[in-house]
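Asker: Quick one: this structure, given as structure tokens, is what I'll be asking you about.
Each reported figure results from applying straightforward, stated rules to the coordinates on display, with no laboratory input. From a predicted model like this one, the values you see are computed outputs, not experimental measurements. Cβ placement follows ideal geometry from the backbone for every residue including glycine, while neighbour counts extend to all protein chains displayed.
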């Protein structure tokens, strides 16, 4: 496990002309093994999910996001496939459906980036279009200095 900084940009709305953005960064842990990247981090009040741990597993075919804590869910992003998931919060639960329109990822042992474009619906009614970019970078070790 490596210490990393995770940068997240999330755009959501009804269409590209009416999008709202959430940008934040957080510390996390990262591993990379033979094409599979795994990272974990704690959500903050910025996302409205403080007290939740998020685990993201990126493979060449799909991305799985597991959340456990004040919010619990398991979201599977797989292009061309519509997945259902239970979104459980302190104020109630809802079954949602997610259709991944596009997924691009590039990771190696030092970090990487995943971009996902997806549509959410609830009770078969359109809820929102979402675009999500997550970037992982190794943390600089304290005391590292170059002799330049």
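Asker: Order of 88, 117, 3 from fewest to most other C-beta atoms within 10 Å?
Answerer: Placing the least packed residue first, the sequence is 3, 88, 117.
Asker: Something else about it: Report the label-to-label distance for residue 86 and residue 21 in nanometres (one decimal), using points 7 Å from each Cα along the Cα→Cβ vector.
Answerer: It works out to 3.6 nm between the two label points.
Asker: Looking at the chain from every direction and averaging, what is the projected area of its Cα convex hull in nm²?
Answerer: Projected over every direction and averaged, the Cα hull of the chain covers 10.6 nm².
Asker: Suppose a student asked you for the relative contact order of the stretch 2-138, using Cα pairs under 8 Å spaced at least 6 residues apart; what percent would you report?
Answerer: 22
Asker: Using Cβ contacts closer than 10 Å as the measure, can you line up 141, 82 from fewest to most?
Answerer: Taking fewest neighbouring Cβ atoms as first place, the list is 141, 82.
Asker: Using a 10 angstrom cutoff on alpha carbons, build the Gaussian network for the chain and name the most mobile of 48, 13, 34.
Answerer: With Cα springs under 10 Å in the chain, the top fluctuation among 48, 13, 34 is at 34.
Asker: How far apart, in nanometres, would the label points at residue 55 and residue 104 be if each is projected 7 angstrom from Cα along the Cα-to-Cβ direction?
Answerer: With each label point 7 Å from Cα toward Cβ, the separation is 2.9 nm.
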